[in-house]
There are 2 protein chains.
Amino acid sequence: MSMDPAPDPIFARLDRAGLVQHVVRLITDAILQGRLKPGDRLTESGIARELGLSRAPVREAARLLENRGLVVSQPNRGFFVREVTVEAIDSLYELRICIECAAVERLVAGDPAQALIGLRERIDEMRDLAEADDPLSQIEADMAFHRLICLHSGNERFVTVFDQIADETQLSLMLIGRLYDDPMRMAETHEPVFDAIAARDAQGARAALEYHIGTARRVVTDIFRKLKEDGSA
Amino acid sequence: MSMDPAPDPIFARLDRAGLVQHVVRLITDAILQGRLKPGDRLTESGIARELGLSRAPVREAARLLENRGLVVSQPNRGFFVREVTVEAIDSLYELRICIECAAVERLVAGDPAQALIGLRERIDEMRDLAEADDPLSQIEADMAFHRLICLHSGNERFVTVFDQIADETQLSLMLIGRLYDDPMRMAETHEPVFDAIAARDAQGARAALEYHIGTARRVVTDIFRKLKEDGSA
DNA sequence: GTCAAGAAGATTGTCGACAATCGACAGAAC
DNA sequence: GTTCTGTCGATTGTCGACAATCTTCTTGAC
């Protein structure tokens, strides 16, 4: 009646069932790197031809990307890269504040020791990437930081929601280019949040995180508004 | 340059692309009516055979249901009706509190006039269904009430998240049977929320809603815990 | 009797093909 | 010149079939 717990995994289980997942990553990268722009059409047959496989896995990958918010589908018309609007970004950040603040409060109420290790690593990583002048990877470290908060909150559902909006957030950040003139700023803005968590100050952590995300919200929407004006002018 | 705003829509737009949607509804109903129980396997071929169509639309429907949380998929194993645990329900309700409280605050800050009409209708509907002794439809009216709050919050993202957890919430409620001994209680517990919104009291509305959902959270988890004990005993 | 190895059946993953639908263009009617 | 209609190419929606994988049952050794 007892489960045998995989007796010595010598070889890393090569992920079969990885085909769809692979396609997901390819398309995700293409969007997040700007090779596919908002509004662009994703033709199943085209992508399938390019990758040398059938339409079925491509279609499935597109459906997954739809749930993650990177593409939208129209009946009988197919998939398109999601258009990003100022309103959508604003709504997105409001939801993030709502979720992450609740998550960090629970995190502090529980045992934040393990989380703190990871959070510290991410901030340091942001610093390193600031010196290396790699804004794209820096954004990923930023997202990883915030994901960790949700992950260690003790409520798995927070992670689910975060993952569903993470890609779209990343897309909006990517479209902007860089948030701050001084790349070191990104790491610094996370410090107060870390400190409050380390001090086991739940309310302080919530406030710090709300301020942190709220600031990003204003900066991002402002930059994006200007981009939009210049673009349509 | 002016748009003609659909000059008199005589015919209602009939939704083509309804095949997959139809399958979604059929499976959803089967689960929510208890004909498919948690843990049950959903075989694509079986369902396709029963409905007299191919596996493709069934598969697509299953993927949609996965995003709505009613089924889970395992690679190379297929789809199963989601198992409901006490912890999952608790996490679900915590997320609901987080989302809906933020939504109602924004709702009151904006213009709640239109929302109030719909909310009143839902409460009255609950009363009627309590007299008619139709707990299943009553649950749907309950969900509709809470969805309206998200819908009129002005942040479309709140609705998106709500829809993604609505079915699972409904499933948990369905499994329990009935929440209150007195079916009228359900309508009554919504009144304070309605009153606070009508009074344009944002903080009061948030508090009332948090209390309302929090109470439901305790009742549901308690009942479910007992069910679980009896079931496994 | 217990456990491991292998065969048989069932189910998912993927494929290529056909039908239904959409968007664009050309042509006819006014 | 404008508007409607018919046709065409392209794309999605659906289908049935095959290969890969998992599950179950049987077989055999200890």
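The values are calculated or read from the model by the stated rules, or taken from the named source; none is laboratory data. Being a predicted model, the structure only gives us computed values, none of them experimental. We place every Cβ from the backbone using ideal geometry, glycine too, and count neighbours over all the protein chains shown. Quick note on the areas: whole protein, heavy atoms, side chains included, nothing else; ligands and nucleic acids left out. Shrake-Rupley method; radii C 1.70, N 1.55, O 1.52, S 1.80 Å.
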Tell me, yes or no, whether the stretch B:154-163 has at least one residue that is surrounded by 18 or more Cβ atoms within 10 Å (Cβ to Cβ), more than 14 Å from B:R96 (Cα to Cα) and touching a residue at least 12 places away in the same chain (Cβ under 8 Å). yes
Please go through the stretch A:191-211 and pick out each residue that is farther than 16 Å from A:Y93 by Cα and of a type outside the set (D, E, K, R). A:P192, A:V193, A:F194, A:A196, A:I197, A:A198, A:A199, A:A202, A:Q203, A:G204, A:A205
Mind checking which residues of the stretch A:16-69 are farther than 16 Å from A:F80 by Cβ, among the basic types (K, R) and within 11 Å of DNA strand D (Cβ to nearest atom)? A:R16, A:R49, A:R55
Residue list for the stretch A:66-109, filter: open to solvent by 30 Å² or more (accessible area, probe 1.4 Å) and either closer than 27 Å to A:A56 by Cβ or away from chain B (no Cβ under 13 Å) (or both): A:E66, A:N67, A:R68, A:V72, A:S73, A:Q74, A:P75, A:N76, A:R77, A:R82, A:E83
Pairs returned, first residue in the stretch B:52-71 that is more than 25 Å from B:A88 (Cα to Cα), second residue that is surrounded by 22 or more Cβ atoms within 10 Å (Cβ to Cβ), beta-carbon separation under 7 angstrom, 6 or more apart or interchain, are B:P57/B:V23; B:V58/B:V23
Scan the stretch A:72-92 for residues that are at pLDDT 95 or above, under 16 Å from A:L173 (Cα atoms) and in contact with a Leu (Cβ under 7 Å, 6 or more places away or on another chain) and jot them down. A:V81, A:R82
Breaking point among (1) touching a helix residue (DSSP H, G or I) at 6+ places or on another chain (Cβ under 7 Å); (2) open to solvent by less than 50 Å² (accessible area, probe 1.4 Å); (3) modelled with pLDDT under 95, for B:L209: (3)
Select from the stretch A:177-193 the residues that are surrounded by 18 or more Cβ atoms within 10 Å (Cβ to Cβ), among the hydrophobic types (A, V, I, L, M, F, W, C) and part of a helix (DSSP H, G or I) and list them in ascending order. A:M186, A:A187, A:V193
Determine if the stretch B:222-231 includes at least one residue that is in a helix (DSSP H, G or I) and either β-branched (V, I, T) or open to solvent by less than 10 Å² (accessible area, probe 1.4 Å) (or both). yes
